[in-house]
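> Dropping a structure here in structure tokens format, bear with me for questions.
Just so it is clear, none of the values below were taken in a lab; they were calculated from the coordinates. Remember, predicted model here, so these are calculated numbers, not experimental data. Cβ atoms come from the backbone with ideal geometry, glycine included; neighbour counts cover every protein chain shown.
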Amino acid sequence: MAELTRLGATGTDELDTLHRDLLESPAHDGRPHVALNFVMTADGRVSFQGRAEIGTRTDRALMFHLRSLADAVMIGAGTLRVDPFAPAVQGRERQPLAIVVSRTCDLPLGNRFFAHPGPRLVATSAGAPATAVAAVRAAGAEVESFGDAEVDLVALLAALRRRGVRFLLCEGGPTLAGQLLAGRLVDELFLTHATLITAEPDARRLFEGSLRPTGTVRLERISLHESADGERYERSRVHYR
């Protein structure tokens, strides 16, 4: 009969001491080290009532800590439309580059993204309407095209590396995460396992969209922590075969 390893606490760590190896991220060929950060319900969904607010204050504190280690933080346009996004890091002189991926450049100009104290980039496609591009630029964000009808993520990541981005943190949404995974561009996954059960039939999964990675994808767990209220925080490497 197979033997199972008992998991349990063997010690404690201060949250702000975790994952500091990312300050010296592994080198990749022409692109940044890419990590996804998501929180998932106990029934396997990453949205609740259309938003990503699922975890506790500890989960948010971990998100802020990961942002403090990143050179750039990226989300998709769908996430920006439902959640405020301004990845400012308190006490840090050089703020992370805030990136929104949108093939149409049609964005809510009142979102906190446009007040982010650091640099702001909207990665779009050549097919984005000129009026939408002009409106985003007038709101204070840089706009750059990568690809014709869709955003070419390989070209985007290469451009970010040329800008000096070594560690890129992606906070959603599931469609952008699915595109990155399909392109074999995800190196790590930070996944908070929440205790909340929602049972929402249309809530989103971790990876959405029609694209699939070739071959087999597996996770190698690096660390697992648990808070006093039972929320678990997993860090894993992504392996492609």
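> With +1 assigned to the C-beta of every Lys and Arg and -1 to the C-beta of every Asp and Glu, and no other charges, what is the dipole magnitude of the chain about the Cα centre in debye, to the nearest 20?
Roughly 400 debye for the chain.
> May I pose another question? What is the gain in length, in nm to one decimal, between Leu224 and Ala155 on full extension, counting 0.36 nm per residue of separation less the C-alpha to C-alpha distance?
21.5 nm
> So, one more: Based on the Cβ-Cβ distance from Ala115 to Arg6, what FRET efficiency comes out when R0 is 35 Å, to the nearest 0.05?
Computed FRET efficiency for Ala115 and Arg6 comes out at 0.15.
> Out of Pro96, Pro108, Ala123, whose Cα points farthest toward the positive end of the dipole of the chain (charges: +1 Lys, Arg; -1 Asp, Glu; placed on Cβ)?
Comparing the listed Cα positions along the dipole, Ala123 ranks first.
> Helix-derived [θ] at 222 nm for the chain: sum -39500 (n - 2.57) over DSSP H runs of at least 4, divide by residue count, nearest 500?
-5500 deg cm²/dmol
> Right, next: State the answer as a single residue: which of Ala72, Val82, Val34 lies farthest towards the positive end of the charge dipole of the stretch 1-103, with beta carbon charges of +1 for Lys and Arg and -1 for Asp and Glu, about the Cα centre.
Of the listed residues, the answer is Val82.
> For the chain, modelled as a GNM with alpha-carbon contacts under 10 angstrom, which of Ala130, Ala159, Ala177 fluctuates the most?
Ala130
> Moving on to the next point. Work out the FRET efficiency for Asp21 and Ala130 from their Cβ-Cβ distance, taking R0 = 35 Å, and round it to the nearest 0.05.
Efficiency at R0 = 35 Å is approximately 0.20.
> About the Cα centre of the stretch 193-241, how large is the charge dipole given +1 on each Lys and Arg Cβ and -1 on each Asp and Glu Cβ? Please answer in debye to the nearest 20.
440 debye
> Ok, one more. If the only charges are +1 at each Lys and Arg Cβ and -1 at each Asp and Glu Cβ, what is the size of the charge dipole of the stretch 105-241 around the Cα centre, to the nearest 20 debye?
For this selection, approximately 520 debye.
> Given the options Val101, Val136, Val82, which has the most mean-square fluctuation in a GNM of the chain, springs set between C-alpha atoms less than 10 angstrom apart?
Judging by the Gaussian network model, the answer is Val82.
> Would you mind counting up the charge near Val89? Only other residues with Cβ under 13 Å from its Cβ, with Lys and Arg at +1 and Asp and Glu at -1.
Here the count lands on 0.
> Gain in length, Ser210 to Asp106, computed as 0.36 nm per residue apart minus the alpha-carbon separation, to one decimal in nm?
35.2 nm
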